[in-house]
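One structure is given here, and the rest of the page talks about it.
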Amino acid sequence: MGRHARGDRGGGFLSRRHDSRSDEDDVRVRPSRRGSRPRTRTRPAHGDAVPGLVVAVDRGRMTVRVEGPDGAPVEVTAMRARELGRHGVVVGDRVRLVGDTTGRPDTLARIVFIEERVTSLRRTADDTDPTERVVVANAEQLVVVTSVTDPDPALGFLDRCLVAAYAGGLEPLFCLTKTDLASPQPLLDRYAGLDVGAVPVSRDTPLDPLLELLTDRTSVFVGQSGVGKSTLVNRLVPDADRAIGDVSKVGKGRHTSSSAVLFDLPGGGTIVDTPGIRSLGLAHVTADDVVGAFEDLAEAAADCPPGCGHSAEDPDCALDAWAAGGPPGRAERLASVRRLLDAVGQVGPGY
């Protein structure tokens, strides 16, 4: 009998076990190592989990602030537990931890629960990507930092920031930088109908007016590269040490912040600095989301026909009658809102 038929190797014979699942009796079958314990969907309760606040996220590792034994805050390095599934963890999330929460070097805790988010700043990769990404959670205020010149304001991007703020439940605030080089009035006039707060600043002016609006609140800063956002954060939080980049010859700044980080303001309150971004996808936002951010417009829009886009091209839009039947300021306000509606679905470098 041939060596291959009986598995003879080096002159010896190797016995082969017959398996009824196979047509061949010359197949080696590994014994099953699975235990007999039945699977269960029951998850641990984690009654001893420690509450914390996510202050930074970097390559799958989260820095979480918890209360130490003496009441002082302690920063703990943590990872997301597998039982959370695909639920991502972002800066601003209020979570619960298990494991080593002492904050000692080379220790690692696990995030086992994410509290329900009150607000969320969201974006998509572009306007055709249905997958939305939460940038920051539980912020109260979105501070949109823009220079009035050098580089010139990207109006479409500003519109998109307002849409993202309204859709996410955040109160928007414009911070207008480099006002020593040009007047902020054109920007103030453009958004007058929306009653959005605005604070002009420059390198030589005190930041007290801005600090008054940030104290005892959680604010997230967004802005395109080169507008002076990192410089502003460093002035507000001297030990923030955010990298600063120069504006290039073509009027576009270099990205200087690589990840969102939460900082404490010396006088109370927190700010979240986000990386400089060139675009803000709004695939997750609808026209109703924009109109719904304004209580009086939402009430008027209830009389619109189904599927109304609330634009000037919609002949039966009830917002036209709402604007015509009120004081002159209503028409200006509706025009501003419709500029925001135009921003939804627009694609391009200016947006």
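The values are calculated or read from the model by the stated rules, or taken from the named source; none is laboratory data. Since this is a predicted model, take the numbers as computed values, not measurements. Note that each Cβ is placed from the backbone with ideal geometry, even for glycine, and that neighbours are counted across all protein chains shown. Heavy atoms of the whole protein, side chains included, go into the accessibility calculation; ligands, DNA and RNA do not. Shrake-Rupley method; radii C 1.70, N 1.55, O 1.52, S 1.80 Å.
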> So what's Rg/Rh here for segment 84-209, counting alpha carbon atoms and using the Kirkwood radius for Rh?
Replying inline: 1.09
> Taking a probe of 1.4 angstrom, what is the accessible area of Tyr166 in Å², to the nearest 10?
Replying inline: 40
>> For segment 73-167, which GluC sites (Glu not before Pro) pass both filters: DSSP loop (anything but H, G, I, E, B) and at most 10 other C-beta atoms within 10 Å?
In response: Glu116
> What accessible area, in Å² to the nearest ten, does a 1.4 Å probe give for Leu108?
Replying inline: 70
> If you wrap a convex hull around the C-alpha atoms of segment 47-152 and split its volume per residue, what is the figure in Å³?
Replying inline: 164
> When Lys and Arg each count +1 and Asp and Glu each count -1, what net charge do the other residues less than 9 Å away from Ala312, Cβ to Cβ, add up to?
Replying inline: -2
>> At 1.4 Å probe size, put Ile271, Ile114 in order of accessible surface, largest to smallest.
In response: Ile114, Ile271
